[in-house]
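Values in this text are rule-based calculations from the coordinates and carry no lab data. All values reported here derive from a predicted model rather than from experimental measurement. Here the Cβ positions follow ideal geometry from the backbone for every residue, glycine too, while neighbour counts run over all protein chains shown.
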Amino acid sequence: MIQLKSRSRAILDYVLLRDGYVTLDEVAEHIRVSKRAVYYDLHEIVNWFKNKKIPPLKVERQKGIFLSGHHKNLVYMHLDKASNTLYYNLSQNERIAALICEMLASTEIWHVDKLAGLCNVSRNTVLNDLKAVKSVLIEYKLNLTYGIKQGYVILGETIRMRAVFLYYLAFIMPLINKNILPYLQSEVVKKNLAYLTEIENELGTEYVDGTLVQLAILIRMIIKKKDQITLGFDKKEIINSKEFTLIHQYFYDLPDEEQVYLTIHLLGARVQSTKTVHEERKHNYAFMSRISMRMINEFERLACIEFSEKENLLQKLVIHLDSSFYRYRYGLLEGNPVVLEIEKKYPELFTITHKVSELLAKAIGYPIPKSDISYLTLHFAAHLRTTGRRQCLIKILIVCHNGVATAQILRREIEELLPFIEVADIVSTRELKGYNQQYDLLVSTVELRDGYQGLTVNPILTIEDKQTILAQVFKMRKSIKQKDEAERIFDIIKQYIPESALLNVKQDLGNYFNEKHSLFREVLMQGQQSLAELITPSRIQLIDSVVADWRESIRLAAAPLLDEALIHKTYVDAMIDCVETYGSYIFITPEVALAHAKPGGNVHGLSASMLLAREGVIFPEDKVAKVIIVLALIDEEQHLGAMKDILQFFGDETNITRMINAVNEIVAYSFITGMQTN
C-alpha cells in the first residue's frame with residue numbers, strides 16, 4: 001500500500017483547502033521548499049491517486065493544480081487511511097543540529113540522499129547544510145569526512161563529540177518533544193529515562209527540566225556506538241559519590257569509565273536551588289564564596305555600579321559555580337542553546353563578565369567556557385538594580401525550565417517592560433501542576449499542556465515576545481482598572497466645560513491616553529549608549545606636560561563636562577574622594593584610569609570626557625595613567641554600553657598607543673568612532 005510522506009500530505013491538504021487553481025509557486029512558498037521539490041512530491045501524489053483509483057490529478061503548466069469538488073470528496077474518503085504524519089519545515093539551524101545529532105548518534109551510513117530525506121529538503125539544500133556543519137564542527141575541533149563506503153562521518157575526540165551532541169540535542173529538544181524527530185519513540189530511551197528518574201527520586205534532588213531526557217538519549221548513543229572514552233584524572237571523588245552508586249546500580253552493563261562520565265553529568269546538572277546544600281559538597285562552598293565575592297567586587301568596579309542585593313547574588317553565584325565546577329574540571333560543554341543569544345542580547349554585560357571571569361579561571365586553574373560566561377552574565381544582569389517601581393497591578397507567573405539564571409533574567413526583562421508589572425513567582429513545569437497562588441498572566445518558555453492558558457516566549461525575549469506580552473498586559477490592565485486615567489480626568493473637568501463640548505473633549509482625552517499608553521516603541525527601542533555617543537572631540541584633551549598631581553588630572557579631565565553643565569563640581573570632588581578612600585581601584589588596565597562616582601543628583605546628563613597625558617600621571621600605589629576617562633553616571637545601567645566599548649578598546653595596548661600619539665583631539669575621536677564599525 002502506498003503511503004503519502006508528510007510533505008506530500010501537507011501539499012495535498014493545502015490544495016484541498018483552496019478553491020480553483022493553485023500555482024506551484026504558491027505551494028512552494030507555503031511549504032517553504034523549492035519548486036523542484038514540489039514536482040517530486042506531486043509525482044508521489046499522482047501515484048497515490050492511482051493506487052486509490054481516484055481520477056488523475058489535474059496539473060496545468062501555466063495555471064497550476066486543480067481539484068474539483070468531486071475530486072475532493074474522493075480524496076477525503078481515503079485520507080483517513082493515509083499517513084497523517086505531522087509535516088514540519090525545519091529551519092537551517094534546526095537542520096544543522098539534526099544532521100549533527102544523527103551522524104554522531106547513529107551507526108547508519110549517511111549519503112546525501114538519505115540526509116536530504118531526513119530533513120525533507122533537496123540534495124542541493126542538504127549539501128549547503130553540510131558545508132555549514134563542517135564549519136561548525138571545526139570550531140569544536142571535529143572533522144566531517146566523506147567516503148563512498150562509509151558515507152558522511154564525524155571524527156574527533158569521543159568526549160568532545162558527545163559534548164557537541166548534547167549541545168545540539170538541546171537545540172532540537174522542542175522538535176523531539178513534539179515527535180517531529182523520533183528520538184523519544186525508542187524503547188531504549190524510554191527505559192533509560194525511567195532509570196534516571198528513579199535515580200533523581202532516590203537522591204531527593206531535582207534536575208533542570210529536559211536534562212534527564214537528554215541523558216537518556218545520550219546513553220542510547222553510548223550503547224549503540226560503543227566508542228571508547230578515556231577520562232584522564234583521579235576518579236576517587238566521583239566514585240565515592242551517591243550519584244555514582246546509583247548509576248552503577250541501574251547501568252551496570254556500561255563500562256566503569258562510562259559510569260563515571262554519566263555521574264559527572266549528574267553532579268553538574270542539579271537544579272540551582274538555595275534550598276539544600278548536600279553535606280558532601282559543603283567544603284566547596286567556602287572556596288566558591290571567596291571567588292564569587294571577588295567576582296562581584298570586580299564587576300562593580302568595572303561596571304561602575306553597586307549591587308543592591310549583593311548577598312542574594314553571592315548565594316546564586318556560589319551555587320552556580322559549585323555545580324559548574326565539574327564542567328570546568330572535566331571539560332564538559334554546557335548543552336543549552338540559550339547561551340547563544342546572551343552575548344548578542346547583552347553585549348555590554350557579557351564583555352564585563354568575560355573580564356571578571358578571568359579571576360575565576362585563575363583561581364580554579366581551568367578555562368571558563370564561553371557558554372558559562374553567558375550564564376554568569378545572566379546572574380549579574382538579573383541583579384542589576386531596577387528603579388522607579390510603582391504599585392503592581394498585574395502579577396505574572398513564569399514557567400521556565402532553563403535554570404535559575406535564565407529565569408531571573410526573564411523576570412527582569414518582563415518587569416522592566418512596564419512599572420505596573422510584577423513577576424509573582426518562577427516555577428518549573430512540574431511545580432506548575434501543584435501551584436495554587438494567585439497570578440494574572442502565565443508566561444512560559446515551553447509549550448504548556450493539560451489545559452494551561454498562557455503566552456509562550458523565548459527564554460531571552462525577542463521584540464516579538466515583548467510585543468505579545470505588552471499587548472496582553474494592556475488588554476488586561478484595561479479590564480483590571482475600574483476607570484482609566486482619561487475617565488477620571490474627564491470626571492474632574494467636565495463640570496467646567498460647556499455641555500456642547502463634552503463629547504469632543506472626552507474623545508480627545510481618550511485618544512491622548514491611548515497614544516500615551518502605546519509604549520511599544522519606547523520599550524522595544526531601549527538600550528545602552530556607546531562610548532562614541534557619550535564623548536565628543538571637544539570632550540577630549542591631549543597634553544604633553546605633567547600635571548601637578550593625580551587630583552588635578554581628574555579635575556582637568558572633567559573640565560569639559562563642567563563647562564557644558566553636565567556635571568556639578570561636587571561630582572568631581574566625589575570622584576577624587578573615591579580614590580583617596582579606596583586607592584587606585586579606578587585602573588582598568590595598567591595605563592587607563594576610569595574616574596567615576598556613585599550616581600546622584602550632581603550629574604545632569606549621561607556623558608564622558610577624556611584626558612590623554614603623553615607623559616603620564618602618577619596615582620596612588622605608584623600607578624601611572626596615560627588615559628584618564630571621566631564617566632558621569634545617572635543610573636546603574638545606561639552607561640554599560642560605553643563600559644563595553646571602553647573595556648574592549650583600551651584592552652588592546654595598541655589602541656592606547658594610538659590615542660596618546662594622536663595628532664589632535666579629532667583624530668583621537670576618530671579612533672573611538674572607528675571601533676563602532678570594526
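Can you give the percent of C-alpha pairs in the stretch 6-79 whose distance is more than 14 Å?
56 percent
Please list, in order along the stretch 370-383, the HN-Hα scalar couplings obtained from phi with the Karplus expression 6.51 cos²θ - 1.76 cosθ + 1.60 (θ = phi - 60°), rounded to whole Hz, x for Gly and Pro.
4, 4, 7, 4, 5, 5, 4, 4, 4, 4, 5, 4, 5, 10
Do the alpha carbons of any pairs in 310/362; 141/316; 5/72 sit beyond 28 Å of each other, and which pairs?
Beyond 28 Å between Cα atoms: 141/316.
What's the ranking of 601-607, 201-207, 354-360 by average number of surrounding C-beta atoms within 10 Å, highest first?
354-360, 601-607, 201-207
Beyond a 21 Å Cα-Cα separation, which of these cross-linked pairs lie in this structure: 50/178; 344/644; 191/226; 345/433; 191/225?
Going by Cα-Cα distance, 50/178; 345/433 fall outside the 21 Å limit.
Between rounded, prolate and oblate, where does the stretch 92-156 land on the alpha carbon gyration tensor, with a ≥ b ≥ c its root eigenvalues, rounded for a/c under 1.5, else prolate if a/b exceeds b/c?
oblate
Using 5 Å bins from zero, what percent of all Cα-Cα pairs in the stretch 531-674 falls into each bin?
Taking all Cα pairs of the stretch 531-674, the binned fractions are 2, 11, 22, 25, 23, 14, 4, 0 percent.
List the aspartates and glutamates whose Cα sits under 17 Å from the Cα of residue 506, skipping any in the same chain fewer than 8 residues away.
Qualifying aspartates and glutamates at Cα under 17 Å: 484, 485, 487, 491, 515.
Check cross-link reach from residue 149 to the aspartates and glutamates: straight Cα distance under 19 Å, and skip same-chain residues fewer than eight apart.
Counting by Cα, and skipping residues close in sequence, residue 149 has these aspartates and glutamates nearby: 102, 108, 113.
What's the Kirkwood radius of the stretch 126-273 in Å, using all Cα pairs?
After inverting the mean inverse Cα-Cα distance, the result is 16.7 Å.
What is the ratio of the Cα radius of gyration of the stretch 185-267 to 2.2 N^0.38 Å, with N the residue count, to two decimals?
Ratio of Rg to 2.2 N^0.38 Å for the stretch 185-267: 1.04.
Give me 449, 551, 411, 162 ranked fewest to most by other Cβ atoms within 10 Å of their Cβ, as a rough exposure proxy.
Least to most surrounded, the residues fall as 449, 551, 411, 162.
List the GluC sites (Glu not before Pro) within the stretch 539-626 that fall in a DSSP loop (any state other than H, G, I, E or B) and whose Cβ has at most 16 other Cβ atoms within 10 Å.
Passing both the DSSP loop test and the Cβ count: 564.
Just rank 253, 25, 13, fewest to most, by other beta-carbon atoms within 10 angstrom.
Ascending Cβ contact count within 10 Å gives the list 253, 25, 13.
Which aspartates and glutamates, on any chain, are close to residue 52 with Cα under 19 Å apart, when same-chain ones fewer than 8 places away are left out?
Here the aspartates and glutamates satisfying the reach criterion relative to residue 52 are 13, 41, 44, 80.
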